[in-house]
Every structure is written in structure tokens, then in C-alpha cells.
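Undergrad: Could you have a look at this structure, given as C-alpha cells, before my questions?
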Amino acid sequence: MKNFTYYNPTKIIFGREAEKKVGTETKKYSNKVLLHYGGSSIKKYGLYDKVIKSLKEQSIEIFELAGVQPNPRLGLVYEGIRICRENNINFILAVGGGSVIDSAKAIAAGVKYPGDVWELYVSAEKNFAEILPIGVILTIPAAGSEGSDSTVITKEEGMLKRYCGHQDMRPKFSILNPELTFTLPAEQTIYGISDILAHLMERYFTRVENVDLTDRLLEGTMKSIIKNAYLVTKTPDNYDVRAEIMWCGTVAHNGLLDTGRIGDWGSHDIEHELSGIYDIAHGAGLSVIFPAWMKYVYKTDIKRFAQFASRVWGIDSYLNEEEFMALEGIRMLENFYKDIGLPVKLSQIKIGSDRFEEMAAKCVQKGLVGKFVELDSKDIIEIYKLAL
Ligand code: NZQ
Ligand code: ZN
């Protein structure tokens with residue numbers, strides 16, 4: 001196990017009607033707030049009115065910035081920074097999913113930053129200025145941004161999707177009411193599940209040895225998300241099922257399951273080029289890329305892949321044929337994706353091979369990709385080909 005420091009100060013407020021507490025929680029930080037959200041969903045399903053009521057009960061002055069799109073864009077981040085600077089706003093409330101939260105984090109990092117906030121996403125040297133505090137009401141379990149220290153933004157010019165992270169980006173509080181996720185369209189629910197499972201697998205495939213506790217926590221969380229994925233497709237209005245999925249999503253990505261180990265993250269980098277260029281859902285890209293990545297790298301550590309097959313998918317170890325088990329695990333993962341309606345091939349998301357070289361070149365701009373296996377652009381092209 002590696003040395004580590006684990007610090008996660010985000011207060012989680014979980015359960016039915018939890019969003020009613022947003023006013024009192026926000027008031028602890030500010031009397032003035034930028035309320036940041038996406039498209040029509042929060043108004044259509046009544047959450048917007050509840051948030052406004054709760055903030056007004058605490059006499060909090062509200063400025064609004066709507067319009068965050070999936071794969072959030074830099075242009076709206078600049079707009080948010082401008083509004084905050086002009087009105088001396090020092091707290092941002094994100095109501096939505098990963099895209100809204102990531103946009104809020106970018107605004108929070110940009111308001112006091114003297115240069116162009118995009119530099120924090122692309123420069124090797126990152127000199128963060130003070131980051132404004134943010135709060136969250138989560139409406140889709142997926143990205144885990146409600147508990148993470150990172151943000152992913154797409155620059156419109158070149159559709160470049162990039163990540164940046166800082167401890168102070170962790171939300172001060174995140175409100176998680178599983179009831180708010182009943183309104184999710186079926187495809188958004190499964191894209192979210194795909195992302196949650198991917199966050200667990202990125203961490204699971206490590207070269208660090210003697211990480212038994214986190215191995216087993218990851219395996220348990222994977223088993224829970226898989227079980228509840230099947231349940232939610234049959235019973236989308238079941239509170240307990242939605243609650244398990246929501247909590248899995250936060251636990252999968254808030255850093256606890258990283259402790260003492262180094263995750264891979266190659267599949268995420270390879271996927272970000274897809275969702276950057278083609279503007280597809282991140283979860284749909286991941287269910288296509290992850291099995292292809294696995295087929296390309298499993299021989300690096302067949303034992304770990306055999307353990308994944310045995311402990312997560314129940315492939316019998318008495319077969320005593322590790323390579324066979326490893327491949328069975330990958331097959332089980334693909335079957336799971338298909339069962340719940342996720343794509344497993346690029347053709348299913350209408351992507352051909354014409355931009356593989358461009359995406360691979362962009363992907364390695366900052367160096368080799370992945371930690372379980374370090375991949376160069378040729379490797380990445382092979383992975384895209386395996387996903388065809
Ligand atoms: O815009 P509205 O109308 O709200 O609709 C949204 C959006 O179209 C809809 N939605 C959300 N909650 C809903 C709802 N519809 C009905 N009822 C509800 N309760 O869902 C759509 C997708 O929302 P989005 O925020 O884009 O989804 P998600 O949470 O999957 O976020 C994806 C983004 O997060 C990034 C991804 O790359 C992608 O850009 N990630 C961020 C990470 C982080 N910051 O730690 C890590 C992840 O690996 C990921 O890369
Ligand atoms: Zn992800």
C-alpha cells in the first residue's frame with residue numbers, strides 16, 4: 001500500500017426532502033449566491049421553485065446562470081465568472097448533474113484567477129488563486145463531482161475536453177435526495193451507472209500490490225451498482241434502489257477508494273476525446289471503451305483480471321485457468337452493459353474510424369496515458385479499433 005493523505009471535507013446531506021435544507025446550508029457561507037443549473041429539468045420537475053423558496057426564507061440574494069449543457073462549455077464558465085465579479089458574488093450553488101457541478105467549479109476557480117481560467121485545465125504549471133466555495137444539489141448519480149476535487153470542461157474551439165483538480169474544489173456541502181432522480185430518462189440513468197462502474201474499475205486496475213481493503217471495498221461497490229442497475233431498469237420509482245445508486249456514485253469517486261493505490265484512468269482519457277469531439281454522453285463512451293481497453297491490456301496482469309472475474313462476476317476459480325477467467329470477466333462486463341441497454345461498440349453510437357488518429361494524438365498531448373499500462377498514440381488507436 002502507498003502512503004496517502006485522505007481529506008474530504010464535503011458535508012453530505014442525504015435523504016428524502018433534503019433539498020429543503022439548501023437555504024440554511026448556503027447561509028453559512030454567504031448572503032448572495034450564483035444559482036447555476038442546466039436546461040429545463042429543474043423547472044419542469046419543481047426543484048427550482050423549492051430551491052428559490054428555501055434560499056429566500058434565509059433572505060439570500062439570488063443571481064442565476066442557466067444553460068449548462070452536457071459536456072459543459074468554457075463559454076458559459078466565462079459568463080459565470082463575469083457575473084460573479086460584477087456583483088461581488090462569493091458562493092456558487094450548483095443544482096444538477098456533473099456538468100453543472102463542473103461548470104460551477106470552473107467558475108469558482110476563475111473568479112479570483114488573474115489570467116484565463118482555461119490555463120488551469122491545460123498548463124503543466126497550475127497556479128490556482130483562491131477558489132470560491134460551492135454547494136451542490138445533485139440530480140443525477142453519475143460523475144461523482146458532488147464529492148470529487150475535479151472538473152471537466154470543453155473548450156468550444158477544437159472541442160477540447162480537459163480536466164483539472166484542486167482540493168478546494170470539493171463542495172462545502174452536497175445535498176443528495178434519491179427522489180430527485182425518479183424523473184431521469186432511462187438512458188440518463190444507465191449512462192450514470194456506466195460512469196459509476198467505470199470510476200470503480202479505473203481504481204481497481206492498479207499495479208500497486210497489497211491493497212486488499214480497497215480491493216474489497218471496490219468489489220463490494222461494483223457488486224452493489226451492478227445489482228441495483230438491474231433493479232432500477234425494472235423499478236425506476238423504487239426509492240431504496242435509487243438511494244443505493246446515488247450513494248454508490250458518490251462513494252465511487254470521492255477519493256476514499258483511492259487510498260493507498262494508484263488507479264489507471266486511461267479509459268477516461270480515451271473516452272474524453274470521444275465525448276469532446278462527438279458530444280456524446282460520457283457514460284455511453286465509457287461502456288464502449290472500457291471492454292476494448294481491457295482486451296488490449298489484460299495480459300499485463302492476468303491475475304488481477306482473474307480476480308475481477310471471480311470476485312465481481314462470480315466466475316468459478318476452480319476452473320483454474322486464469323486467462324480464461326480474465327476473458328470471461330470482460331465478457332460478463334459486456335453482457336451487463338448490453339443487458340441494461342448500454343452501447344458496447346462505436347458503431348452503436350454512430351462513430352466510425354475516420355478521426356482515430358486525431359483523437360489519439362490529442363489524447364497523448366500531455367504524455368503517455370494510463371497508469372496500469374502506459375499507452376502511446378499507437379496503443380490508443382488499437383483500442384479504438386477494438387471498439388469498432
Ligand atoms: O440540463 P437538464 O435539463 O438538467 O438535463 C440533464 C442533462 O441533459 C439531465 N438531468 C439531470 N438530472 C435530471 C435530468 N433529467 C431529468 N431529471 C433529473 N433529475 O441529464 C442530462 C445529463 O446531465 P449531466 O450533468 O451532463 O450528466 P452527468 O452527471 O453524467 O455529467 C457528465 C459530465 O461530468 C463529467 C463528464 O465528462 C461529463 O462532462 N465528469 C466529471 C467528473 C468529475 N468532475 O469528477 C468525473 C467524471 O469521470 C466525468 O468525466
Ligand atoms: Zn467518469
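The values are calculated or read from the model by the stated rules, or taken from the named source; none is laboratory data. No experiment lies behind these values; they were computed from the predicted model shown. No Cβ is skipped: glycine too gets one built from the backbone with ideal geometry, and neighbour counts run over all protein chains shown.
Undergrad: So which residues in the stretch 237-254 are in contact with a helix residue (DSSP H, G or I) (Cβ under 7 Å, 6 or more places away or on another chain) and touching a residue at least 24 places away in the same chain (Cβ under 8 Å)?
TA: Answer for the stretch 237-254, where residues must be in contact with a helix residue (DSSP H, G or I) (Cβ under 7 Å, 6 or more places away or on another chain) and touching a residue at least 24 places away in the same chain (Cβ under 8 Å): Tyr239, Arg242, Ala243, Ile245, Met246, Cys248, Gly249, Val251, Ala252, His253.
Undergrad: Let me ask something else. Looking at the stretch 180-232 only, could you name the residues that are touching a helix residue (DSSP H, G or I) at 6+ places or on another chain (Cβ under 8 Å), more than 16 Å from ligand 2 (Cβ to nearest atom) and of a type in the set (Gly, Ala, Ser)?
TA: Listed by number, the residues that qualify are Ala186, Ser224.
Undergrad: Name the one entry in Ile262, Ile289, Ile277 that is within 14 Å of ligand 2 (Cβ to nearest atom) and either on the phi < 0 side of the Ramachandran plot or modelled with pLDDT of 95 or more (or both).
TA: Residue meeting the stated conditions: Ile289.
Undergrad: Now, a different point. Can you tell which of Ile340, Ile277 is surrounded by fewer than 20 Cβ atoms within 10 Å (Cβ to Cβ), in the same structural domain as Lys227 (by TED's automatic domain parsing) and closer than 24 Å to Thr233 by Cα?
TA: Ile340
Undergrad: Sticking with this structure for a sec: Residues to consider are Leu76, Leu47, Leu93; find the one that is in contact with a strand residue (DSSP E or B) (Cβ under 6 Å, 6 or more places away or on another chain) and surrounded by 15 or more Cβ atoms within 10 Å (Cβ to Cβ). Lay out the reasoning, then the answer.
TA: Numbers: Leu76 fails: in contact with a strand residue (DSSP E or B) (Cβ under 6 Å, 6 or more places away or on another chain); Leu47 fails: in contact with a strand residue (DSSP E or B) (Cβ under 6 Å, 6 or more places away or on another chain).
Leu93 is the lone residue from the list that is in contact with a strand residue (DSSP E or B) (Cβ under 6 Å, 6 or more places away or on another chain) and surrounded by 15 or more Cβ atoms within 10 Å (Cβ to Cβ).
Undergrad: Moving on. Which ones in the stretch 31-89 are among the acidic types (Asp, Glu) and within 26 Å of the chain's Cα centre (by Cα)?
TA: Across the stretch 31-89, the qualifying residues are Glu64, Glu79.
Undergrad: Just the residues that are buried (at least 24 other Cβ atoms within 10 Å of the Cβ) and in a strand (DSSP E or B), please, taken from the stretch 139-153.
TA: Selection gives Thr151, Val152, Ile153.
Undergrad: Can I ask one more? Taking the stretch 54-84 on its own, how many of its residues are in a helix (DSSP H, G or I), in contact with a helix residue (DSSP H, G or I) (Cβ under 9 Å, 6 or more places away or on another chain) and in contact (Cβ under 8 Å) with a residue 24 or more places away in the chain?
TA: Residues that pass the stated criteria total 12.
Undergrad: Hey, another quick one. With respect to Tyr45, determine if the residue is within 25 Å of Met246 (Cα to Cα), aromatic (Phe, Trp, Tyr) and either within 15 Å of ligand 1 (Cβ to nearest atom) or touching a residue at least 24 places away in the same chain (Cβ under 8 Å) (or both). Please lay out each step first, then the result.
TA: Working: within 25 Å of Met246 (Cα to Cα): yes; aromatic (Phe, Trp, Tyr): yes; either within 15 Å of ligand 1 (Cβ to nearest atom) or touching a residue at least 24 places away in the same chain (Cβ under 8 Å) (or both): yes.
It is true that Tyr45 is within 25 Å of Met246 (Cα to Cα), aromatic (Phe, Trp, Tyr) and either within 15 Å of ligand 1 (Cβ to nearest atom) or touching a residue at least 24 places away in the same chain (Cβ under 8 Å) (or both).
Undergrad: Going by what's in this entry, would Val51 be described as under 22 Å from Ser99 (Cα atoms) and within 16 Å of ligand 1 (Cβ to nearest atom)?
TA: The answer is yes for Val51.
Undergrad: Further, regarding this structure: Kindly indicate which of Ile262, Ile289 is β-branched (Val, Ile, Thr), in the same structural domain as Gly329 (by TED's automatic domain parsing) and either part of a helix (DSSP H, G or I) or within 16 Å of ligand 1 (Cβ to nearest atom) (or both). Talk me through it step by step, then tell me what you get.
TA: Working: Ile262 fails: either part of a helix (DSSP H, G or I) or within 16 Å of ligand 1 (Cβ to nearest atom) (or both).
The unique qualifying residue is Ile289.
Undergrad: Another question, then. For the stretch 116-157, what are the residues that are away from ligand 2 (no atom under 16 Å from the Cβ) and touching a His at 6+ places or on another chain (Cβ under 9 Å)?
TA: Leu120, Lys126, Phe128, Ile131, Ile134
Undergrad: If you go through the stretch 69-106, how many residues are farther than 22 Å from Pro178 by Cβ, in contact with a Phe, Trp or Tyr (Cβ under 9 Å, 6 or more places away or on another chain) and within 16 Å of ligand 1 (Cβ to nearest atom)?
TA: Residues in the stretch 69-106 being farther than 22 Å from Pro178 by Cβ, in contact with a Phe, Trp or Tyr (Cβ under 9 Å, 6 or more places away or on another chain) and within 16 Å of ligand 1 (Cβ to nearest atom): 3 in total.
Undergrad: Here's another thing I want to ask about it. Within the stretch 341-384, work out how many residues are part of a loop (DSSP other than H, G, I, E, B) and among the β-branched types (Val, Ile, Thr).
TA: 4
Listed here are the residues, each with its yes/no results for (1) more than 13 Å from ligand 1 (Cβ to nearest atom); (2) among the hydrophobic types (A, V, I, L, M, F, W, C); (3) assigned by TED's automatic domain parsing to the domain that holds Gly96.
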site: Gly15; (1), (2), (3): yes, no, yes
site: Lys21; (1), (2), (3): yes, no, yes
site: Lys27; (1), (2), (3): yes, no, yes
site: Val33; (1), (2), (3): yes, yes, yes
site: Ser41; (1), (2), (3): no, no, yes
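Undergrad: Next question, about the same structure. Among the residues in the stretch 344-364, are any touching a Lys or Arg at 6+ places or on another chain (Cβ under 9 Å), over 29 Å from Thr221 (Cα atoms) and of a type in the set (S, T, N, Q)?
TA: yes
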